[in-house]
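J.: Below is one structure. I have some questions about it.
The values are calculated or read from the model by the stated rules, or taken from the named source; none is laboratory data. Every value quoted in this text rests on a predicted model; they were computed, and no experiment measured them. Here the Cβ positions follow ideal geometry from the backbone for every residue, glycine too, while neighbour counts run over all protein chains shown. Ligands, DNA and RNA are excluded from the accessible area calculation, which covers all protein heavy atoms including side chains. Shrake-Rupley method; radii C 1.70, N 1.55, O 1.52, S 1.80 Å.
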Amino acid sequence: MSSLKAARADNFYHPPDWDPRRGSRAELAAARLGEPAWKAHPLRERAKKLGEGILVVRFEMPFDVRCSGCGNRIAKGVRFNAEKKCVGKYLSTKVWSFRMMCAAEDGTSRTDRTRNAHYIEVRTDPKAADYVVAEGAVRVGDLDKLPGAKVPSAEELGVEELADPKDRERRAADPFYGLEHAPAARRSVERARAERVSALEDARASALLDDYRSPP
């Protein structure tokens, strides 16, 4: 080990006065503090609510959600320290609840964890083999369920609009209409994509322009 601190972090440090024949290291640490040996748990702070059936685990968000408290988006894969607890059963399979504090920060008071904390609860759904948001957030695919929420348009997101909304609805209702107008729509999309690619190439060329390079 490179240092004593690293050895303790990896749980490889053995105190010089510890004798494995007399007891565990947890029992030795509890004896130094004058506490009963049963209070020293191997999981330390993660198990402080174990008596209530709660264990703190590292939880990874399974999908994109938007916090209903601060309105910020939390991407799939963001990790939290969540309180894991069994809240029920589906047949013989346990339903687990993961409750965590929103970690979004934008420098405003609405994301201040000390004054305005927002909690998100995600539960397992054994019947659908999926996760569901119980409270505190809304799945990005269900934005219409969020009070006062507005789905951003393609222009606001900075992406191209593939088809007119009314035209898209008519194609979904009438397959023959979509089949007849597919070539024209494809040409429109390809033209818009070509313009976008040309604009990106011009922006890249201007960014990489070297004023001191000799002309060819």
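J.: Write down the radius of gyration of the range 44-107 and its Dmax, each obtained from C-alpha positions, in Å.
T.: Computed over the Cα atoms of the range 44-107, radius of gyration and Dmax are 13.7, 45 Å.
J.: Just read off the accessible area of E27 with the full protein assembly in place, 1.4 Å probe, to the nearest 10 Å².
T.: Answer for E27: close to 90 Å² accessible.
J.: Ok, one more. Taking the Cβ of A134 as the center, what net charge do the other residues with Cβ under 12 Å away carry, scoring Lys and Arg +1 and Asp and Glu -1? Walk me through the numbers on the way to the answer.
T.: Values: positive: K85, R99, R123, R139; negative: E121, D125, E135.
Summing Lys and Arg as +1 and Asp and Glu as -1 gives +1.
J.: Something else now. Given H placed on each backbone N at 1.01 Å, which residues far from H118 in sequence or on other chains put an amide H within less than 5 Å of it?
T.: Distant-sequence amide H within range of H118: C102.
J.: Quick one: of K49/K76; K49/K127; K49/K89, which pairs are farther than 23 Å apart, Cα to Cα?
T.: K49/K76; K49/K127
J.: Provide the gained length on full extension for the span C86 to S24, in nm with one decimal, where the gain is 0.36 nm per separating residue minus the Cα-Cα distance.
T.: Here the segment from C86 to S24 would lengthen by 19.3 nm.
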